[in-house]
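Quick notes on the structure that follows.
The values are calculated or read from the model by the stated rules, or taken from the named source; none is laboratory data. Treat the numbers as computed from the prediction; the structure is a model and nothing was measured. Glycine gets a Cβ as well: all are built from the backbone with ideal geometry, and neighbour counts include every protein chain shown.
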Amino acid sequence: MKQLILHHYPMSPFAEKIRLIFGFKGLQWSSVIIPNMMPKPDLTALTGGYRKSPVMQIGADIYCDTALIAEVIEANMPCPALYPSGIAAASRTLAQWADSTLFWTAVPYTLQPAGLAALFEGVPAETITAFAADRNAFRANLPRMRPADATTAFTLYLERLEEMIGEQDFFFGPAASIADFSIYHSLWFVRRGGPVAKILDSFPAIQAWSERLSAFGHGTLDKLSSGAAISVAHDAAAEPSVGSSDSHGITLGEKVIVSATDTGTEQIEGTLYGAAKNRISIAREDPRAGQVVVHVPRLGFELRRAS
Ligand SMILES: N[C@@H](CCC(=O)N[C@@H](CS)C(=O)NCC(=O)O)C(=O)O
């Protein structure tokens, strides 16, 4: 299998989702640590602007968003399955809810003053101020949830999840699926919040399930510098285009812009290289990375002509 490179940082919940999927699949991967706030010049040399964590790189192919990254990992290593037959659609749908609604409830729940103090213990005040300003811009499109509302909603979600898991090993029965990994990373983040993590003590089925998930580990990894990852892209050729099943009336080769619609909406500009049912691929030229192809999922991204 080709070298899998993950651009991420330790405290990133969405990165934890992918690190654990690497463990689940028993994969070997290369770890590039990126900054946890802007600027991220070596990451955006590869992505053309996309700034979120994580990003997966295979040669000159750059995969954004964990929904797509998980699909690409599955295509490279189908067993054990992330989308087991019979529960594939249900697990994708629950995963989408967890990556959006559950995550954006767990974050304001955790970042109330007591959780914030635990997460940023020992961090200089000016770094915390810079981080807060970065995240205010990052999530400007989303409504703000106050701590009391976040606590109420998060408690209700945990009660539902506890009931859903019941006696089962995983959310859809004896086999893990993408839903488990998507639910896990939000709770993993809450667990880092010191006193606010106590909320999880009241949910024994979730606790037991969390331990099953974390036992997958992170696979085997080696460290790579961001400069070396750029060289890997520079020296590789991207995979052939997936062709076009475009619904936007844009033909391959036209100049386009894609961007996420929820958070981190920085634009990626290039030419349309591929337009599959669930994936958009954009070719772009970077002074350092050379010709790269950036892939984003359809869901959660918008595509438009550059002019
Ligand atoms: N939908 C994205 C969400 C990724 C995301 O929001 N990641 C967070 C970190 S866990 C992020 O990028 N925050 C801003 C940053 O790290 O600069 C995905 O599934 O990959």
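Structural remarks
- When the range 246-266 is filtered for residues that are within 16 Å of the ligand (Cβ to nearest atom) and surrounded by 13 or more Cβ atoms within 10 Å (Cβ to Cβ), the ones remaining, listed by number, are VAL258, SER259, ALA260, ASP262, THR263, GLY264, THR265, GLU266.
- Residues that are within 18 Å of VAL55 (Cβ to Cβ), charged (D, E, K, R) and assigned to a loop (DSSP other than H, G, I, E, B), drawn from the range 239-271: GLU239, ASP262, GLU266
- When we screen ALA229, ALA236 for residues that are touching a residue at least 24 places away in the same chain (Cβ under 8 Å), part of a helix (DSSP H, G or I), surrounded by 16 or more Cβ atoms within 10 Å (Cβ to Cβ) and in the same structural domain as LYS25 (by TED's automatic domain parsing), the only hit is ALA229.
- Selection over the range 292-306 of residues that are exposed (fewer than 15 other Cβ atoms within 10 Å of the Cβ) and touching a strand residue (DSSP E or B) at 6+ places or on another chain (Cβ under 7 Å) gives a count of 3.
- Total residues in the range 46-77, condition within 12 Å of the ligand (Cβ to nearest atom), of a type in the set (S, T, N, Q) and not in a helix (DSSP H, G or I): 1
- LEU156 of a type in the set (A, V, I, L, M, F, W, C) and touching a residue at least 12 places away in the same chain (Cβ under 8 Å): no
- Neighbours by Cβ (under 6 Å, 6+ apart or cross-chain): first from the range 185-206, under 10 Å from LEU119 (Cβ atoms) and away from the ligand (no atom under 16 Å from the Cβ); second modelled with pLDDT of 95 or more and part of a helix (DSSP H, G or I): GLY194/ALA118; VAL196/THR110; VAL196/ALA114; VAL196/GLY115
- Out of ALA133, ALA118, one residue alone is more than 15 Å from the ligand (Cβ to nearest atom) and surrounded by fewer than 16 Cβ atoms within 10 Å (Cβ to Cβ). It is ALA118.
- Condition check for ARG19: of a type outside the set (A, V, I, L, M, F, W, C), part of a helix (DSSP H, G or I), out of contact with any helix residue (DSSP H, G or I) (no Cβ under 9 Å at 6 or more places or on another chain) and within 15 Å of the ligand (Cβ to nearest atom): yes
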